[in-house]
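Undergrad: I am attaching a structure below and will ask some questions about it afterwards.
Values in this text are rule-based calculations from the coordinates and carry no lab data. The model shown is predicted, which means the values in this text are computed figures rather than measured ones. Glycine also receives a Cβ, built like all others from the backbone with ideal geometry; neighbour counts cover every protein chain displayed.
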Amino acid sequence: MRKKAVLIAFTLKSSKLSSSYEKVKFFKALYGWKQVVSSKKSRYEYERPGLLKGIPHVKVDQSSFLVQEEDLEKIVSFFEEWADKVIWKSFKVLLEEDLEEMLDEYG
C-alpha cells in the first residue's frame, strides 16, 4: 500500500513583509541555517535548526515540500503564526516508491 503524505506549497505576501529581514527570518525558522563564525585562528560552523530539521520531509522547491501526514499539525501551527504574511495550501498525495524511501530514510 502506498504511503500518504501532504504537499505544502506557500508564497510570501511581499506587500505584508516589513523588510527583507522578515523574509529571511521566515526561511530560517522553516529550513534552518548555517552560522559561520571566523576568528583570527579558527573558523567555526554552527547548524541552526529550523522547524523542518526534526520532521522527515522532501523539499520539492524553495516554496514547497512533502511531509508525512502525522507531521502536518506541526506544519499547520507554524504557518498559522505567519498567516498574515504567508499564503499556504496543503494537498494530500500518495507517494511513489522512491519518495516513500526518501521520507523513510530521513534523519
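Undergrad: Going through 70, 80, 105 one at a time, which residue ends up being free of Cβ contacts under 8 Å to residues at least 24 places away in the same chain, among the acidic types (Asp, Glu) and under 12 Å from residue 6 (Cα atoms)?
TA: Criteria check complete, one pass: 70.
Undergrad: Would you please name the residue that is farthest from residue 88 (Cα to Cα), looking only at residues in segment 11-38 that are among the basic types (Lys, Arg) and touching a residue at least 40 places away in the same chain (Cβ under 8 Å)?
TA: It comes out as 16.
Undergrad: Under the condition of being crowded, with 16+ Cβ neighbours inside 10 Å and of a type in the set (Phe, Trp, Tyr), which residue from segment 47-91 is farthest from residue 104 (Cα to Cα)?
TA: Per the criteria, the residue is 82.
Undergrad: Continuing with the same structure: Return yes or no: is residue 29 in a strand (DSSP E or B) and of a type outside the set (S, T, N, Q)?
TA: Judged against the criteria, residue 29 is not a match.
Undergrad: Hey, another quick one. Being aromatic (Phe, Trp, Tyr) and within 11 Å of the chain's Cα centre (by Cα) is the filter here; which residues of segment 48-107 pass it?
TA: Of everything in segment 48-107, those that are aromatic (Phe, Trp, Tyr) and within 11 Å of the chain's Cα centre (by Cα) turn out to be 65, 78, 79.
Undergrad: Examine segment 35-50 for a residue that is in a helix (DSSP H, G or I) and closer than 26 Å to residue 3 by Cβ, and state whether such a residue exists.
TA: Within segment 35-50, not a single residue is in a helix (DSSP H, G or I) and closer than 26 Å to residue 3 by Cβ.
Undergrad: How about segment 8-47: which of its residues are of a type in the set (A, V, I, L, M, F, W, C) and over 11 Å from the mean Cα position of the chain (by Cα)?
TA: Listed by number, the residues that qualify are 12, 17, 24, 33, 36, 37.
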